[in-house]
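Novice: Pasting a structure here, questions to come.
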Amino acid sequence: MTPIRRRGLALAFALACLLALPGCEYKVVTVELPTYFSAGVDEVWFWRLDERSQGYVRSGHIKCAGLFGPPGSKILQYTMVAPDGREGLTITAPVSIKGDSITVALNYARWANPGWFRVTARNGAGESALSAREVYL
């Protein structure tokens with residue numbers, strides 16, 4: 001086995017072990033950010049529906065580091081942040097760009113029990129309203 005292949009297998013095994021840590025479950029969530037470029041989106045916050053209060057509460061977020069790569073093959077680099085503020089993995093995901101909008105499938109670490117989630121986008125000026133759609137994660 002070549003050294004490069006061995007390193008790749010070791011990295012895949014380490015990532016699999018990391019993803020198997022108790023306490024969270026990884027879910028893929030497709031998010032459209034309609035004003036990504038003009039608004040300068042820095043973060044995407046996940047909000048979980050609290051069954052008792054019937055209101056949404058913050059449940060972790062993702063810090064956007066920016067888009068990288070050549071035209072037609074852009075990727076979003078982002079860092080997952082747990083509800084307690086601890087930063088996790090920095091990973092990438094391919095994006096689809098249409099005008100001022102991007103669509104990206106984000107890996108979200110769900111620390112809470114399964115439930116209904118909505119998202120908001122944040123930038124230096126503030127935060128958007130909760131998304132119109134909700135998703136069960």
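The values are calculated or read from the model by the stated rules, or taken from the named source; none is laboratory data. Values in this document were obtained by computation on a predicted structure and should not be read as measured data. Cβ coordinates were reconstructed from backbone atoms using ideal geometry, including for glycine residues, and neighbour counts include every protein chain displayed.
Novice: Among the candidates Leu106, Leu89, which residue alone is among the aliphatic types (A, V, I, L, M), touching a Leu at 6+ places or on another chain (Cβ under 9 Å) and over 21 Å from Tyr136 (Cβ atoms)?
Specialist: Criteria check complete, one pass: Leu89.
Novice: Restricting attention to the stretch 120-128, does a residue exist that is touching a Cys at 6+ places or on another chain (Cβ under 7 Å), part of a strand (DSSP E or B) and surrounded by 12 or more Cβ atoms within 10 Å (Cβ to Cβ)?
Specialist: No - not one qualifying residue is present in the stretch 120-128.
Novice: Out of (1) over 17 Å from Gly55 (Cα atoms); (2) small (Gly, Ala, Ser); (3) at pLDDT 90 or above; (4) surrounded by 15 or more Cβ atoms within 10 Å (Cβ to Cβ), the odd one out for Ala109 is which?
Specialist: Among (1) over 17 Å from Gly55 (Cα atoms); (2) small (Gly, Ala, Ser); (3) at pLDDT 90 or above; (4) surrounded by 15 or more Cβ atoms within 10 Å (Cβ to Cβ), Ala109 violates only (3).
Novice: Just one of Gly60, Gly55, Gly40, Gly66 is under 10 Å from the mean Cα position of the chain (by Cα) and either modelled with pLDDT under 95 or among the small types (Gly, Ala, Ser) (or both); which is it?
Specialist: Exactly one of Gly60, Gly55, Gly40, Gly66 is under 10 Å from the mean Cα position of the chain (by Cα) and either modelled with pLDDT under 95 or among the small types (Gly, Ala, Ser) (or both), namely Gly60.
Novice: For the structure I just gave you, tell me whether Ile75 is out of contact with any strand residue (DSSP E or B) (no Cβ under 7 Å at 6 or more places or on another chain) and surrounded by 14 or more Cβ atoms within 10 Å (Cβ to Cβ).
Specialist: Considered against the rule, which asks whether it is out of contact with any strand residue (DSSP E or B) (no Cβ under 7 Å at 6 or more places or on another chain) and surrounded by 14 or more Cβ atoms within 10 Å (Cβ to Cβ), Ile75 comes out as no.
Novice: Scan the stretch 93-102 for residues that are assigned to a strand (DSSP E or B) and exposed (fewer than 15 other Cβ atoms within 10 Å of the Cβ) and report the count.
Specialist: 3
Novice: Please state which one of Ala105, Ala109 is of a type in the set (Gly, Ala, Ser), assigned to a strand (DSSP E or B) and touching a Cys at 6+ places or on another chain (Cβ under 7 Å).
Specialist: Of Ala105, Ala109, the one residue that is of a type in the set (Gly, Ala, Ser), assigned to a strand (DSSP E or B) and touching a Cys at 6+ places or on another chain (Cβ under 7 Å) is Ala109.
Novice: Right, next: Which one of these does Pro83 not meet: (1) touching a residue at least 24 places away in the same chain (Cβ under 8 Å); (2) assigned to a strand (DSSP E or B); (3) under 21 Å from Leu137 (Cβ atoms); (4) of a type outside the set (Val, Ile, Thr)?
Specialist: Of the numbered conditions (1) touching a residue at least 24 places away in the same chain (Cβ under 8 Å); (2) assigned to a strand (DSSP E or B); (3) under 21 Å from Leu137 (Cβ atoms); (4) of a type outside the set (Val, Ile, Thr), the odd one out for Pro83 is (2).
Novice: Shifting gears a bit: Scan the stretch 54-66 and tell me whether some residue there is surrounded by 15 or more Cβ atoms within 10 Å (Cβ to Cβ), free of Cβ contacts under 8 Å to residues at least 60 places away in the same chain and hydrophobic (A, V, I, L, M, F, W, C).
Specialist: Checking the stretch 54-66: at least one residue is surrounded by 15 or more Cβ atoms within 10 Å (Cβ to Cβ), free of Cβ contacts under 8 Å to residues at least 60 places away in the same chain and hydrophobic (A, V, I, L, M, F, W, C).
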